[in-house]
1. Please indicate, with yes or no, whether at least one residue in the range 317-331 is outside the structural domain of Arg69 (by TED's automatic domain parsing), farther than 30 Å from Ala70 by Cα and surrounded by fewer than 21 Cβ atoms within 10 Å (Cβ to Cβ).
2. Looking at (1) farther than 26 Å from Trp257 by Cβ; (2) in contact (Cβ under 8 Å) with a residue 40 or more places away in the chain; (3) of a type in the set (Val, Ile, Thr), which is the only condition Val367 fails?
3. Take the conditions assigned to a strand (DSSP E or B), of a type outside the set (Ser, Thr, Tyr) and modelled with pLDDT of 95 or more and apply them to Leu339. Does it pass?
4. Does the range 258-291 hold any residues that are farther than 26 Å from Arg87 by Cα, at pLDDT 95 or above and not in a loop (DSSP other than H, G, I, E, B), and which are they?
5. Would you pick out the residues in the range 171-193 that are of a type in the set (S, T, N, Q) and in contact with a strand residue (DSSP E or B) (Cβ under 7 Å, 6 or more places away or on another chain)?
6. Suppose we keep only residues that are under 25 Å from Ala68 (Cα atoms) and assigned to a helix (DSSP H, G or I) within the range 178-222. Which one would you say is modelled with the highest pLDDT?
7. Among the residues of the range 292-316, write down those that are more than 17 Å from Ala83 (Cβ to Cβ) and among the aliphatic types (A, V, I, L, M).
8. When the residues of the range 398-413 are narrowed to those that are over 22 Å from Asp347 (Cβ atoms) and small (Gly, Ala, Ser), which ends up surrounded by the most Cβ atoms within 10 Å (Cβ to Cβ)?
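The values are calculated or read from the model by the stated rules, or taken from the named source; none is laboratory data. These numbers come from a predicted model, not from an experiment. Positions of Cβ are generated from backbone atoms using ideal geometry, with glycine treated the same way; all protein chains shown enter the neighbour counts.
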Amino acid sequence: MKDFTLTTTLLFTAHWLIVIALSIRVIMRRRPVGASLAWLAVIFSVPFVGAVFYFLIGESRIGDQYLARAASIHDLYLSWQVALQKRASRQESPAERTAVQAIQVHAEKVVGFPTMRNNELHLMDHFEEIFDTIIEDITHAKSTCHLEFYIWTVGGKADEVAEALIGAAQRGVICRILVDAVGSKEFLRSDMTQRLRKSGVHIVASLPVGPFRMLMTRADLRNHRKIIVIDGEIAYTGSQNLVDPRFFKQEEGVGQWVDAMVRMEGPSVEALAGTFLEDWELDTGEGLKALEETSDIRSIPDKGSIPVQVVPSGPAIRPEIIHQLLLTTIYSAQKKLILTTPYFVPDDALLTALISAAHRGVDVIIVVPDVVDSRLVHYASRSLFDNLLSAGVSIAAFKGGLLHTKSITVDDEICVFGTVNLDMRSLWLNFEISLFVYDLGFTQQVRRMQTKYIDQSNILNLADWRKRSLIQRFKENAAQLVGPLL
């Protein structure tokens, strides 16, 4: 009995020492209040397990080696951005547009990339056109092919891209593939990866995970970027992973994934090329001198007339960057604001911005898939619909598959397009890439694509929405409590 009492006392004391220590740590981290309160609840309510859970995913631990590499190239990276800023400042300024200029200045201040004018953009919203265009560009590549993706799977059109890369490598083109170690786990173990490597294609797993790495790095910090740069002259980004939607996750019962990509030529290609090279160096430590000698990163001549600002974001830089910029973008809306995202779990600040826009008379439309591949996200996002619908926000539930396109259009003059979802994981934890495009013509193209999505959607009605069952509402509200941890 004495041994039992002693053991109980020791466990009780250890639990409260851990709770007190971690509570102080959570408070001193000064993260969003919702996230801090959620973590405190987990730590207090689940003895020991809550502490382990917090240790594994409670903080954005990127790893000492990764941060050391980032520090080693930081000065070079900043000097390159300064050179871009000097070149951009010599270009002709646009007509005075307060909202546009505010976002441009904000983005350049926090990211370092200026708005580069005179680009040509081609929007593609069907996977076959996307893949065929990529394959065509790789087939004509002369010097380098750089590809960076969160998910790469074998099968269908994805294999055709791989075959094109094999052909390019055999012609002497330097081909580099950077894929996320978790998102592309099966691809990295596949026979196709072996074939690519044997042909001379360099393949690297970004942010590798493992039992020992988890002691020093957070396993769910992922590289969610989708970037292709060919010969330093052509670039792609958007929501399309290197997967054929006819084969990808068909067992999930959500239909084919629906994505969009942009093909870009012009000065802004340099910013995407530099972002890829920084990511490659951070994951490989190959050495900047060797990397520079085998890469095409240079000033790109004018190709069109579209101003583009490249905005990389992620936990290794300033994690609040894209969150701040999206708030600035939403608050700039005066007439119409349309957002498409597969995963909609915004924090209180973004939710308030959307409701505020609707209250001041902005036509706000949020387009989300009717069925998503995460049950928790499904319920957490729907817990917010009542407040949004009550404020006058329109919510369109897309019926044509899993809508994966991430896009925002503001008043027909500003467009945000890239890899960022409107959830906390994407905004704070993942490495993402976004294009801020300040052009009427391109924004209208994206708006037409968004309108096609809306035409294939069910527009939610507030009165009907409130008729859902008590059990359904309980599930949604329970999921909302863990929203800050998603």
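1. Yes, that holds for at least one residue.
2. Only one criterion in (1) farther than 26 Å from Trp257 by Cβ; (2) in contact (Cβ under 8 Å) with a residue 40 or more places away in the chain; (3) of a type in the set (Val, Ile, Thr) is unmet by Val367, namely (1).
3. yes
4. Val258, Met261
5. The answer is Ser184, Thr193.
6. Of everything passing the filter in the range 178-222, Arg213 is modelled with the highest pLDDT.
7. Residues satisfying the conditions are Ile306, Val308, Val311, Ala316.
8. Gly401
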